[in-house]
Structure formats: C-alpha cells, structure tokens
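Visitor: What follows is a single structure, and I will ask about it in a moment.
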Amino acid sequence: MSLPSPVTLVRRAGVRGGGVGDYRRAAGAAVLALAALSWSAAPGAAQRHVQRASLPIAEGGADHAAAARTVSEFDLFRFVWIADPQISPDGSQIVFVRETTDSARTGYETSLWIVPTDGHAPPRPFTSGPRDGSPRWSPDGKRVAFTRAEQMNGSRQPSQIYVIGMDGGEARAVTRMPHGAGTPVWSPDGRTIAFTASSGAEPQDTSAQTDSARARTAAAADSIAQARHTSDVRVISRAVYRFNGAGYLDPTRHTHIYTVAVPGAGEPPATAAQITSGRYDEDDVQWSRDGSRLYFTSTRVDEPYYAPSDNDLYAVSARGGDIERVASIDGSIGAFSVSLDGKRIAFVGALTGEPERSHSQSDLFVVDAAGGTPRNLTAAYDYDIGGGLAGDQHAPRGGTSDDPLWTRDGRAILVRAAVQGRTNLQRVDAGSGAVTAVTTGDQEVVGYTADAGAARLVALVSTPTMIGDLFVLPISGARGATMSRVTNVNDSLFSQLTLTAPEELWYTSFDGRRIQGWIQKPPGFDPSHTYPVILEIHGGPHAAYGYTFYHEIQWMAAKGYVVLYVNPRGSTSYGQEFGNIIQYHYPGDDYKDLMIGVDTLVARGYVDAKRLGVTGGSGGGLLTNWVVTQTHRFAAAVSQRSIADWGGFWFTADFSLFTPSWFRAAPWEDPKDYAARSPITYVGNVTTPLMLIVGDADYRTPAADGGEQMFRALKYLHKPTVMVRFPRESHELSRSGEPWHRVERLQHIVGWFDKYLMGAKTTAYDVVE
C-alpha cells in the first residue's frame, strides 16, 4: 500500500519545496532549560496472557524461535507504545497510556488502559480515546483524572482535565481552560486538582457589534475594520522567540498554577482558581503531604539565556499568595518528590560548574521541605542520575514519570541512573549517599511510579528486542530483585519477527580511553560472509546509545547491513569528565573514536571495507558532515537534521548560544574557531555521495545552516548529492514525526545505502530532466 508522498526530493540546486506547518505551543517553562543540542495492535485486539518473568532481561518477551520474517519499516505502523504508567494507591492495578498510529498513518491515537499488577489478566481499555493521556489516581483509588483533547467542528480543542470513576460511567470534564490544562495533580484529600495552564487573554469577538453598525464615513469604516482585525505581525524582543516543535512563542502567555474543585455527581465543572501569576512560568506542580502548599520549579529571571541554565524549587500556599524559595543550587533543578512524612524533598539537579561546562551531569539532592541548603547525595557517584538512552521508539506523544521515590521509612530514595549504556534503578541512602543497584540488566528503565505506601513500583522497561512493557517490583527488594512482567503489548507482532540482541563491543581509542559500542548483525549472520557496514552516530552530543529498542538499527540489519553504533567521548553515562571532554573540541577527538571503532570492526574480517556507510541525526548529522569532509573511506553517507556552519547556527537555532557552552566567544569575535569546526569549511574535500535529510519546521538545526548549505555546495561542485525535505516536521522527525514520514525517512536512508553499498538499481535520486 502506498500514499502520495509530500516529501520533497531535491536533486537540483535551484529547487526548493515543502512548507512549515502549525505546531501546538509547548507547555511549561522547560523551554529555556533545553539549551543543548539534545535533541525523549488495534485497541480491541486480544492479548495473550502474560506469564511472570524476571529481570535482568536479555531478550524480548515473545518466543522468537518460530519467527517467520524480519522486521520491516512498515512495522512502525503496527507498534504499540506504553507511556506514563501509574500504579494505584493500593498497588493492585496500573493505568497507562496506550499509543498507536491512527488509521491514516499521519498521526497517533492515545487511550487509557488498565491492568492488574499480579499479571493474572490482560490489559483492558479504560477510556475510548483517541487523545487521552496523563492519568493520575485519586488518593482513595476510586477515580482517575486524565487529560483529553476533544474534536469539535473538525478542529482539535485544547486538552482539558476529565475524571472517570473506577465503577464505570462516562468521564466528566473538570476544567474548561481557554488554552487547555496540563497534567492533573490530586490534593491529598482528593477534593481538589492542581494543574498548570497557559494564561493570556483571548481575542475578543467583535462580529456582533460590527454587524449591527453601519459605516457612514470612511473613518467609521476604518474603525470597524480595525476592531475586527487581529494582527498576526510579531514584534520580537527576546533572543529565544521560537522553539522546536512549538513554533513561535507568545511572550504574553505564561504557564501558571491553577486549582479546581472536583465536582460531585451531577454538578457542573467548577471555576478554576489561579494560584500564581506574573511574568514567569511555573512547572512540575506537587502538593505538600498535608495539602497546605504547592511546590513547583521556576526560572524567575527575565532573560535567562544570558546565563547558564538555572531554576529553583519554590512553594506557594494552596490558597495563593506570596511564593517562597525552598531550594536553590548553582544549576537547574528537575524532577522532585516529597518524602512520605512531608519533611524532606528529594530532587535531581545539575550543577553548572566553574568554569561553565558543556555537559553537567545530574546528581540527587535532599533538602528540608521548610527550606535550607540542599545536600548532594551523589557527588561521589560519577554517573547520570535520571539519565536515559537515545532511541527511536519511546512513546511519540505520551510522557512518563521518573520522579525520585522515597522508601516508606524515609531512609533511601530510588532513582534511575544511566551507567555505560544501561539505565537501571538505584537505591541511594538518604544519609550517607551510598548507591546500590535495585535492578540490573541490559535494559533501559524508561519511567516508574510507586503506590501510596511505597511498597511496590511499576517500571516501564525497554530492551533492544522489546519496545517497552510494564514490570512490577517490590521497593524493599535487594539488588537484582525479581521484576514481574505484567504486559506484552507487542507480542502478537513480535512473535512473527526475528529480532536479535546486539553484540557489545569495547575498544581502546588513540589516547587509551575505553570506548563502548554495539554491533547489530543481520538475522542469520554468517561470519564467513562479508557484509556492508553502516556506522550510526548519535546526536546530543551529550546522549548515549545503549540497551533500548531501536527500530532503525534493527531494520538496517534486517536489510543485510552490519550496523555499528558507538558512544564516543562526549557521550553520557560514563562520568562527568568523559562527557565534558569535548567542550571547545566538537567535532574533534570524538571523530577519532568513531573511526577507530570502524577499524576495530573491519579487523574482524566479516565486513567489506569498501562498502562503508555512515549516518546520524542532529549532533550525529554534524559528525556525518564532518566525517565525509575528513576522510574518503565511506562509500555513502546520510546526514540528518544537521549543522554545517557553526557560525550560522549560532544565530538561527531556537535557543541562544550567548553562554560559552561550546565556544569561547561569539562568531564575529573568534571566526577562525567557528570555521575550523564547521564541516562547510572543508566541503571541497567531499567525494562521498551524500544525502541530506531536513525538516521544514526544524528550529533546532535549521536547514539553512545545515542540509541546505551542504547540498548547495555539493551541487556547485558537481558531487553526487540529494536533499530530502519533510514538510511540517520538526527536529523530532525520527522519534515522533508523522508515521508516514518516519517510514519514508527509513526508506530513503536505506535506499541511498542500497544504491551505493549494495549496487541497487534505482532512478529515485537521479536529476529529473
């Protein structure tokens, strides 16, 4: 089956196609905190009964012995994603967001499902969807609040909060906010819900008064026209004025905290009370244990981009009033939670450091709920608290929770940490800061929540052969405690597929540093044969590959390629020094790490050194551009959502580079440094056929300073190149773009490699005469 494609293939230097689509405004105040090149079955189908399983997990849950075929790019249409699992207060049930592609394959649908924690029954639908999310249990476990975006007159309305009872019946609206409502947060007594929402006046409808008026003079006519006109002209005074995925920002709107009483049966929705106001945004709301206060994070600086990322933890009375600072560090504060006795708060924070670093590794802190000086519990633990892994199959629309979890006795806190390509739960002693593993294995713990008594938790877990399923674990468990599997949402599909785990690879780089990577081999791999190779380079650059599901890599292997993916210096999950070493040297020695990885693979004898390909997105796109300007060893390359000119990028990216994260000065102050690290400077060296993939609405790595530059330069030089443009797509194309676009992206990447590495006959990339 095929549909007409809006994707534009640009073969000629003088042709430009595609357009910029509309994007919903991003919620929350986290916009400015992202100032890095960081670039995370049908509803009625029956499921098999899920047997209890234990972790660590080496393979996916399906029985692959009887697999009939290899994975396809079109399997993305059949994937089922789990997001935001929430365990009930009594620990008996889990409600979660179940996400699928829609019937047209142009978007995603979400609904709430529920499953018992004992795994003795399959999940069942709880709401009808198709745009339900962010479920949260009431304290008594009798109701669930969630967000729903209705469709009205052919237009999607802003998300509102609804409540549905566990005894059945229809969900009832709780809010009617003009700009929508964020994730619901129940008060301890279950009578009130707190949430964040965007403030700002709505345009007034003047049609009635103008229809009743008759213009008798030209001046009156002009006055009426002016009253009916709403200007779309933007007057921009802030350096950060647009954001990837969100589009242009409205400086008159701010995210504030509201509360609303939960109506009883037959009662209409109550009017929400605005708790905070002003010119700053509030985010990540949580109640105090006694319900008297609301905690939140906020950056209360007018133009925060002039300094390193820095926000604080605040509190405000549940009735409103003055806010007070509870915790502050020299850096940013992220996920947090209040201890069960209400006396302390644990939070994940990243210290800026002096001098400012390119990468600041996160730690776990504790502070008294009444305020005080935070104490860093993990200063001696050199791994990423709260860290995750790069993958292309985290739920495209639904989020997940990963707040620190206090044990019942308050003596320890559970958090996830990224350690050498794995993400597992760790127990941190609240007194000494000693860290011990709670889960182990080749996996990524994507998110988790605990029951009201902190007796057990549910974790969303992904592996290289499992997109993401739910597991239950007793919080009191020791290292390697058994996790019981309660879902297997992709079993009906994965039982038909041949999916294999990658081979882990460690090697020594030029300066003695140990580098970790993985080799994904084709199904039915035969070491006596030789295979073409694709080197995959992750973005970030402060990110990490690891043991999580990666459809792109599995599919490339299914097409007959050996795929090498590596965590060069600059990657996370290997310590602060390893991550920050590329500051002011990016790209640079990370390129050497990658090439030595390729050399190590070639030395094994089962790959063809004349059929090497390289690809990567975002920071990996920058490095792909760099690779083909520094060496001729690759026979084909695909650069995705990339940077070609650092100087131009400094001016056009969605966040401002006023701070010295990567450069010591502005482009006009040190042009030689910008030019020395820009691939476009060396574009004349390129002989490798290069495909450039760009999104028309990508504000993180704008095409004008990435793919477009490389394409135009190579066309000028008469080098083999093509540009593939995706309309409406932001920087998140590969992770949450329109499903058809995600599939077509995969087809073009492998299509290019098939042409130059496999000798496939195709005219798809020829210049159209």
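The values are calculated or read from the model by the stated rules, or taken from the named source; none is laboratory data. Please read all numbers here as calculations on a predicted model, not as lab measurements. Backbone-built Cβ (ideal geometry, glycine too); neighbour counts: all protein chains shown. With ligands, DNA and RNA removed, areas are computed over all heavy atoms of the protein, side chains included. Shrake-Rupley method; radii C 1.70, N 1.55, O 1.52, S 1.80 Å.
Visitor: So which of T100, T106 is surrounded by fewer than 20 Cβ atoms within 10 Å (Cβ to Cβ) and either among the polar types (S, T, N, Q) or within 18 Å of F146 (Cα to Cα) (or both)?
Guide: T106
Visitor: I'm trying to understand the selection: among the residues of the range 146-175, which are out of contact with any Ser or Thr (no Cβ under 7 Å at 6 or more places or on another chain) and crowded, with 17+ Cβ neighbours inside 10 Å?
Guide: P158, Y162, V163, M166, R172, V174, T175
Visitor: Additional query: I'd like the residue in the range 589-608 that is more than 21 Å from G540 (Cα to Cα) and among the hydroxyl-bearing types (S, T, Y) and, out of all such residues, is least open to solvent (accessible area, probe 1.4 Å).
Guide: Y606
Visitor: Return yes when S661 is more than 28 Å from M691 (Cα to Cα), within 24 Å of the chain's Cα centre (by Cα) and not in a helix (DSSP H, G or I) and no when it is not.
Guide: When the stated conditions are applied, S661 passes them.
Visitor: Follow-up question, since we're still on this one. So, R416, is that one basic (K, R), farther than 24 Å from E282 by Cα and not in a loop (DSSP other than H, G, I, E, B) or not?
Guide: Here the answer is yes, as R416 does meet what is asked.
Visitor: From the list H529, H542, which residue is in contact with a His (Cβ under 8 Å, 6 or more places away or on another chain) and not β-branched (V, I, T)?
Guide: Matching residue, one of H529, H542: H542.
Visitor: Of these, P527, P541, which one is out of contact with any strand residue (DSSP E or B) (no Cβ under 8 Å at 6 or more places or on another chain) and surrounded by 24 or more Cβ atoms within 10 Å (Cβ to Cβ)?
Guide: The unique qualifying residue is P541.
Visitor: Being of a type in the set (D, E), under 22 Å from L294 (Cβ atoms) and assigned to a loop (DSSP other than H, G, I, E, B) is the requirement here; does D392 meet it?
Guide: No, not satisfied.
Visitor: Within the range 238-271, track down each residue that is of a type in the set (V, I, T) and in contact with a helix residue (DSSP H, G or I) (Cβ under 7 Å, 6 or more places away or on another chain).
Guide: Within the range 238-271, just V240 meets the criteria.
Visitor: Can you list residue pairs whose Cβ atoms sit under 8 Å apart, with the first residue in the range 435-463 being within 19 Å of D382 (Cα to Cα) and aromatic (F, W, Y) and the second being modelled with pLDDT of 95 or more and open to solvent by 10 Å² or more (accessible area, probe 1.4 Å)? Count only pairs 6 or more apart in sequence or on different chains.
Guide: none
Visitor: Ok, one more. Quick one: in the range 559-588, which of the residues that are among the hydroxyl-bearing types (S, T, Y) and open to solvent by 20 Å² or more (accessible area, probe 1.4 Å) is farthest from the chain's Cα centre (by Cα)?
Guide: Y584
Visitor: Going by the structure shown, is A221 in a loop (DSSP other than H, G, I, E, B) and at pLDDT below 90?
Guide: No: the conditions fail for A221.
Visitor: Please go through the range 592-611 and pick out each residue that is out of contact with any Ser or Thr (no Cβ under 8 Å at 6 or more places or on another chain) and closer than 11 Å to S509 by Cβ.
Guide: Selection gives L594, G597, D599, T600.
Visitor: Follow-up question, since we're still on this one. Examine the range 356-363 for a residue that is touching a strand residue (DSSP E or B) at 6+ places or on another chain (Cβ under 9 Å) and farther than 28 Å from V240 by Cβ, and state whether such a residue exists.
Guide: Within the range 356-363 (the criterion being touching a strand residue (DSSP E or B) at 6+ places or on another chain (Cβ under 9 Å) and farther than 28 Å from V240 by Cβ), the answer is no, since none of the residues qualifies.
Visitor: Does V767 satisfy the criteria of being among the β-branched types (V, I, T) and either open to solvent by 10 Å² or more (accessible area, probe 1.4 Å) or more than 20 Å from G616 (Cα to Cα) (or both)?
Guide: Answer is yes for this residue.
Visitor: Quick test for you: out of G619, G648, pick the one residue that is modelled with pLDDT of 95 or more, within 27 Å of L9 (Cβ to Cβ) and surrounded by fewer than 24 Cβ atoms within 10 Å (Cβ to Cβ).
Guide: After ruling out the rest, the residue left standing is G648.
Visitor: Being within 15 Å of A430 (Cα to Cα) and either among the acidic types (D, E) or in contact with a Phe, Trp or Tyr (Cβ under 7 Å, 6 or more places away or on another chain) (or both) is the filter here; which residues of the range 349-381 pass it?
Guide: D363, F365, D368, P374, R375, N376, L377
Visitor: Given (1) under 30 Å from R78 (Cβ atoms); (2) of a type in the set (V, I, T); (3) in a helix (DSSP H, G or I), identify the lone condition not met by T548.
Guide: (3)
Visitor: So G372 passes all but one of these: (1) at pLDDT below 95; (2) in contact with a helix residue (DSSP H, G or I) (Cβ under 6 Å, 6 or more places away or on another chain). Which condition number does it fail?
Guide: (2)
Visitor: Of all residues in the range 286-300, which are open to solvent by 20 Å² or more (accessible area, probe 1.4 Å) and over 19 Å from D341 (Cα atoms)?
Guide: Once the filter is applied, which keeps residues that are open to solvent by 20 Å² or more (accessible area, probe 1.4 Å) and over 19 Å from D341 (Cα atoms), the range 286-300 yields T299, R300.
Visitor: To continue, here is another question. What's the number of the only condition in (1) at pLDDT 95 or above; (2) open to solvent by 30 Å² or more (accessible area, probe 1.4 Å); (3) touching a Phe, Trp or Tyr at 6+ places or on another chain (Cβ under 9 Å) that H632 fails to meet?
Guide: (3)
Visitor: If T681 satisfies all but one of (1) surrounded by fewer than 18 Cβ atoms within 10 Å (Cβ to Cβ); (2) part of a loop (DSSP other than H, G, I, E, B), what's the number of the condition it fails?
Guide: Result: T681 fails condition (2) only.
Visitor: Moving to a separate point now. Within the range 393-417, track down each residue that is under 13 Å from L460 (Cα atoms) and charged (D, E, K, R).
Guide: Once the filter is applied, which keeps residues that are under 13 Å from L460 (Cα atoms) and charged (D, E, K, R), the range 393-417 yields D402, R416.
Visitor: State whether one or more residues within the range 583-596 are among the β-branched types (V, I, T) and assigned to a helix (DSSP H, G or I).
Guide: Checked against the condition, which is being among the β-branched types (V, I, T) and assigned to a helix (DSSP H, G or I), the range 583-596 yields at least one hit.
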